[in-house]
Amino acid sequence: MKHTAAALAKEAEIKVVGESGQISLGKRYAGKTLRLERLRDGRILLTAVRMVPESQLWTLAEPDRSRIQRGLAWAAETRPQETDIDVLLRRRPTRARRSRVRRD
């Protein structure tokens, strides 16, 4: 990732690092998670990030990511309509019933 000061600067401030090694970024960043990059030239770049729980990482990998995107696109383009339960049940594939053995 290559960064130039002109490309990144929206506003600049001078901050003093306290004796404990901390700086205050202000209430705008309170509670946010930030990625810290220490660049070779001595600059530090902070980027606000959001973390994804491990249990939801599958949503970012293929083929699931594409399927989710297609589903969201379909939902955005398709008007909701009431479901006729009887029609839905008739379309359901029939399964061969297994006989149950009673155990007493």
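The values are calculated or read from the model by the stated rules, or taken from the named source; none is laboratory data. Just so we're clear, the structure is a prediction, and the values are computed from it rather than from any experiment. Note that we place each Cβ from the backbone using ideal geometry, even for glycine, and neighbour counts take in every protein chain shown.
How many residues does the range 43-57 contain that are of a type in the set (A, V, I, L, M, F, W, C), exposed (fewer than 10 other Cβ atoms within 10 Å of the Cβ) and without any contact (Cβ under 8 Å) to a residue 12 or more places away in the chain?
1
Give the residues of the range 45-104 that are of a type in the set (Asp, Glu), at pLDDT below 95 and assigned to a helix (DSSP H, G or I), sorted by residue number.
Result: Glu54, Asp86.
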